[in-house]
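Each remark here refers to the structure printed beneath this line.
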């Protein structure tokens, strides 16, 4: 049994009386790719924000790589990273300048080599000297992914990593994530609305609704349990049921 | 030692980020120099006119030019902190920054450093132009200038951090505070006139501002030829309190932003 890379227990978040995340517990074993599935407002982004320490929980405990995020956040952060459509990079800076600043923030010693390698892998080497703001959505997503891999994170959190990408770019991004997990044994937690993506990438799925985890399991096990052909049908079945 | 190096590296990374931003846009650099220069020119002409019609101004050579240059140190230092922080909000970059190992106080250190650089560029250029165009040298104040500069810069940083805290709390709708708040303070600082001119009930408020003591100190040097250390120490003591309050308010606002999920969702 792998030791968990992410352990969450009794996690709650309330905003002015509204419950966004309601007493959830889960673990993600090291080296696994886990998906958070759920409709809009299910609590996926709020959960990821709390795992990152960007948002303080109302109650509950989060341990990442064995460390308590409340007390040891700055020991964990150098070993994790994230990418999200809700966070952007400075648009006037070139791609190279952005990556260079973040490489310094993460204390990476072989900055030039690391950036050159990621640029080649993610095919962003052709526009390293262009301002980030001048790039297309697909190019920006690849740059954001490069930023999130700069420090070779052991835990990678991604919020809708392929949202608004064309099928070709989305496929490349998924391929890169698979390769990264294979090469490094990293743990990846991603929130997604794309069921094909989840079926292809993920070992485990957590399905959220109304701030709670209403079901969990491997994609194949979930399909089997619900007797449905694909994960999208499972998702629709849960989303349209009264189960909370 | 390793921890100190890592901290220095992160502060340097943020400084580099702001220098890249300045370099990417010449209008930003021009704007830094433009307003202090325009202010200096306006008050230099006013000074010339009043010197011909007022014995007091004639005695105190270039007092208004010196005062406006020092006022701009305060104003630019405050803007240097708040406007640079707004850049992070405009670019929706706070989420990325605060999941990196960057500590909030390291960001504060970077903001203060870049504010110092921007103030030196802006006010320094205006001061050199005053020397060139009006033969007025603020550098003749010598070490007093260094003391005045830092007293005003620290007050500007403290107010800048409080403005940032307000914007973290209330969103970018409050960004106009960055420009408005300092002009509310200006009449109380006695930039161009002694504090005794103010109504009695306002004088204690004025004396609670470090800048008031700096401008009184400037007049003491220019008019009486005396460097008043008592005024300087009062300004330094008040600055210490202001800076502690500014940093504390910023850190509290940052914590509140983490409670209310603003770091990831605040932006354009």
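Scanning the range A:1-27 for residues that are part of a loop (DSSP other than H, G, I, E, B) and either within 20 Å of residue A:219 (Cα to Cα) or touching a residue at least 40 places away in the same chain (Cβ under 8 Å) (or both) yields A:1, A:2, A:3. Per the listing A:89, A:99, A:77, A:105, the residue uniquely free of Cβ contacts under 8 Å to residues at least 12 places away in the same chain and surrounded by 20 or more Cβ atoms within 10 Å (Cβ to Cβ) is A:105. For the range A:199-221, give me each residue that is closer than 20 Å to residue A:154 by Cα and touching a helix residue (DSSP H, G or I) at 6+ places or on another chain (Cβ under 8 Å). Answer for the range A:199-221, where residues must be closer than 20 Å to residue A:154 by Cα and touching a helix residue (DSSP H, G or I) at 6+ places or on another chain (Cβ under 8 Å): A:201, A:202, A:205. If you check residue A:53 against the conditions, is it on the phi < 0 side of the Ramachandran plot, touching a helix residue (DSSP H, G or I) at 6+ places or on another chain (Cβ under 6 Å) and surrounded by fewer than 22 Cβ atoms within 10 Å (Cβ to Cβ)? No; evaluated as a whole, the condition is false for this residue. Residues of the range A:52-88 that are within 21 Å of residue A:146 (Cβ to Cβ) and in contact with a strand residue (DSSP E or B) (Cβ under 8 Å, 6 or more places away or on another chain): A:52, A:79, A:80, A:81, A:82, A:83, A:84, A:85, A:86.
The condition of being in contact (Cβ under 8 Å) with a residue 12 or more places away in the chain and surrounded by fewer than 23 Cβ atoms within 10 Å (Cβ to Cβ) holds for only one of A:175, A:185, that being A:185. Just a yes or no: is a residue in the range B:234-254 within 29 Å of residue A:54 (Cβ to Cβ), modelled with pLDDT under 95, outside any helix (DSSP H, G or I) and within 14 Å of chain A (Cβ to nearest Cβ)? Scanning the range B:234-254, I find no residue that is within 29 Å of residue A:54 (Cβ to Cβ), modelled with pLDDT under 95, outside any helix (DSSP H, G or I) and within 14 Å of chain A (Cβ to nearest Cβ), so the answer is no. If the condition is being more than 19 Å from the chain's Cα centre (by Cα) and buried (at least 23 other Cβ atoms within 10 Å of the Cβ), then the range B:103-135 contributes only B:130. Residue check: residue B:168 meets all listed conditions (1) surrounded by fewer than 18 Cβ atoms within 10 Å (Cβ to Cβ); (2) in contact (Cβ under 8 Å) with a residue 12 or more places away in the chain; (3) assigned to a helix (DSSP H, G or I) but one, namely (1). The residue list B:144, B:153, B:127 contains one member that is touching a helix residue (DSSP H, G or I) at 6+ places or on another chain (Cβ under 7 Å), over 26 Å from residue B:243 (Cα atoms) and in a helix (DSSP H, G or I), which is B:127.
The values are calculated or read from the model by the stated rules, or taken from the named source; none is laboratory data. Because the structure is predicted, anything quoted here is derived from the model rather than measured. Note that each Cβ is placed from the backbone with ideal geometry, even for glycine, and that neighbours are counted across all protein chains shown.
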